[in-house]
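K.L.:
Got a structure for you, questions after.
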Amino acid sequence: MNQPDWNHLHAFLETAECGSLSAAARKLGLTQPTLSRQVAALEASLGVTLFERVGKAMALTESGLDLLEHTRAMGAAADALALAATGRSQAVEGVVTVSASDMVATYLLPPLVKTIRARAPGITVELIASNALSDLRRREADIAVRHVPPQQPDLIARLLRQCTAHAYASRDWALAHGHPRRADEATALPFVGSDRGGHYLAYLRAHGLPVDSASFTCHAENSTVQWALVRQGLGIGFMLDEIAAATPDVVRVLDDMPPIEFPLWLVTHRELRTSRRMRLVFGWLAEGLTRPACGPSPATSA
């Protein structure tokens, strides 16, 4: 039997991890037929069936489960090799991938990317806007901006600062509804939600707001879309103060509530810090994000 092609093994690994050909193809940047052919070629070369279709999902067979453990080890070794190779690179050029939440990626990072380009024109920054944590060890990103510290020992992180957020509404909304200042005034007020599963509702209640499911006029899981709905006057929403300060058509409401505070972390893989371009981008991002973004002072009255 010939040695399996790593591309075929990689296709198998991602399909097993993602649970479907379509999700794995998106992650690898391949078409689904191409990925399917690679998995089929691996099955043919090994003479075993690795997956069974269950609806649209791909379920591992017993042979597939046996192979998965070994393929994961090979994938980890390949990732380690890539990290080591990146770490030895001292060229101030190339791509650096940075992941962040959609709001941070949309509002806070673009000015910093502009600064990085001015300082090092050979570096290309790729931004990944996602509220899910990127797996830095598997190179889903080189650097991540997070609100939680990493748990993996091979990741390093710098706590940049504490951020604050308050409740905001559009100026037109405040003209129509008045300017509520106390939490108990929120009982009959409309809010813009982030999900219908009750997580955001529980979050608001935990911060002292007497709201229920009927309080929400609309929902948007994406924070950028949620903020756009707030700006359209559909209800109250919470936002990072420095982003709200740069948004002229909103005002702070529920002023007597204490701010919501959360940390801002910058995270990377330990070996990537030995790469000059990674080290420079990490340092410039830390420098820019340590200071709140400049903007006009947030209004506190309509």
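The values are calculated or read from the model by the stated rules, or taken from the named source; none is laboratory data. All figures in this text were calculated on a predicted structure; none of them were measured in a lab. In this analysis, Cβ positions are derived from the backbone assuming ideal geometry, glycine residues included, and neighbour counts consider all displayed protein chains.
K.L.:
Every residue in the stretch 115-128 that is free of Cβ contacts under 8 Å to residues at least 24 places away in the same chain and surrounded by 12 or more Cβ atoms within 10 Å (Cβ to Cβ), please.
P.N.:
117 - this is the single residue of the stretch 115-128 that is free of Cβ contacts under 8 Å to residues at least 24 places away in the same chain and surrounded by 12 or more Cβ atoms within 10 Å (Cβ to Cβ).
K.L.:
Please state which of the following conditions residue 268 fails to meet, knowing it meets all the rest: (1) modelled with pLDDT under 90; (2) surrounded by fewer than 22 Cβ atoms within 10 Å (Cβ to Cβ); (3) not aliphatic (A, V, I, L, M).
P.N.:
(2)
K.L.:
Considering only residues that are in contact with a Ser or Thr (Cβ under 9 Å, 6 or more places away or on another chain), at pLDDT 90 or above and closer than 16 Å to residue 243 by Cβ, which ones fall in the stretch 161-202?
P.N.:
Once the filter is applied, which keeps residues that are in contact with a Ser or Thr (Cβ under 9 Å, 6 or more places away or on another chain), at pLDDT 90 or above and closer than 16 Å to residue 243 by Cβ, the stretch 161-202 yields 161, 168, 192.
K.L.:
Of everything in the stretch 29-39, what is surrounded by 15 or more Cβ atoms within 10 Å (Cβ to Cβ) and within 22 Å of residue 63 (Cβ to Cβ)? Give them in sequence order.
P.N.:
Within the stretch 29-39, 35, 36, 38, 39 meet the criteria.
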